[in-house]
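What follows is a single structure, written as structure tokens, with notes after it.
Computed from the coordinates by the stated procedures, all read-outs in this text should not be read as laboratory data. A quick note: this is a predicted structure, and the numbers were derived from the prediction, not measured. Counting neighbours? That spans all protein chains shown, and the Cβs are built from the backbone with ideal geometry, glycine included.
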Amino acid sequence: MPKEFPRTRRVGEQIQRELASLIHDEIKDPRLGMVSVTAVIVSRDLAHAKVYVSVLGNAEQTDASIRVLNHASGFLRHRLGKILHIRVIPELRFYLDRSLEEGARMGALINAAIASDKGNADDDE
């Protein structure tokens, strides 16, 4: 029977909380926009972590923020090592989380389809 809360998920959630705080408080790069850590997926051996972030801004600001975070990943990993009490601190790799944009796009498509259906229903009557 699988564990209800696997260790990798618990570690990922802890890293997510700590990274959100570290990014906000420790990184003072002006190219870094408004960043939210949306998810952290840790490999089974805890050697690697994919960190998904959402960034407020246009595509240029988003790309710059991802570059800044990937450049600062060593610093962030070092700081996590001082905070977390685990033997192996994962190597961090930052990725843009497009799920919020996709959700908004899908919502707009659904609303347009509903409005179109209502318009067609009114025309039929």
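Quick notes on this structure:
- Global geometry of the chain, whether rounded, prolate or oblate, following the gyration tensor of its Cα atoms and the 1.5 cut on a/c: oblate
- Computed from Cα atoms, the angle from the helix 73-83 axis to the main principal axis of the chain rounds to 70 degrees.
- In Hz, Karplus ³J(HN,Hα) per residue of the range 51-64 (6.51, -1.76, 1.60; θ = phi - 60°; x = Gly, Pro): 10, 9, 10, 10, 10, 7, x, 7, 4, 5, 5, 5, 4, 5
- Ranking of Val40, Val88 by count of other Cβ atoms within 10 Å, fewest first: Val88, Val40
- With Cα atoms, 0 to 90° folded angle of helix 7-26 axis to the chain main axis: 90 degrees
- A Gaussian network model of the chain, with springs between Cα atoms under 10 Å, assigns the largest mean-square fluctuation among Gly107, Gly74, Gly57 to Gly107.
- Residues in the range 49-91 reached by a label modelled at Arg98 [backbone nitrogen below 18 Å; 7 Å Cα→Cβ]: 51-67
- Among beta bridges identified by DSSP and lying wholly in the range 7-99, the antiparallel ones come to about 55 percent.
- Given +1 at the Cβ of Lys and Arg, -1 at the Cβ of Asp and Glu and no other charges, the dipole of the chain around its Cα centre is 1280 debye to the nearest 20.
- Computed on the chain, with alpha-carbon pairs under 8 angstrom and 6+ residues apart, the relative contact order is 23 percent.
- Against the chain, whose longest principal axis comes from its Cα atoms, helix 99-124 is set at around 10 degrees.
- Between the range 72-124 and the range 9-62, the alpha-carbon centres lie 12 Å apart.
- Lys/Arg +1, Asp/Glu -1 at C-beta; the range 7-99 dipole; positive extreme among Ser43, Leu56, Phe94: Ser43
- Residue exposure proxy: His85, His71, ordered by other Cβ atoms within 10 angstrom of their Cβ from fewest to most, comes out as His85, His71.
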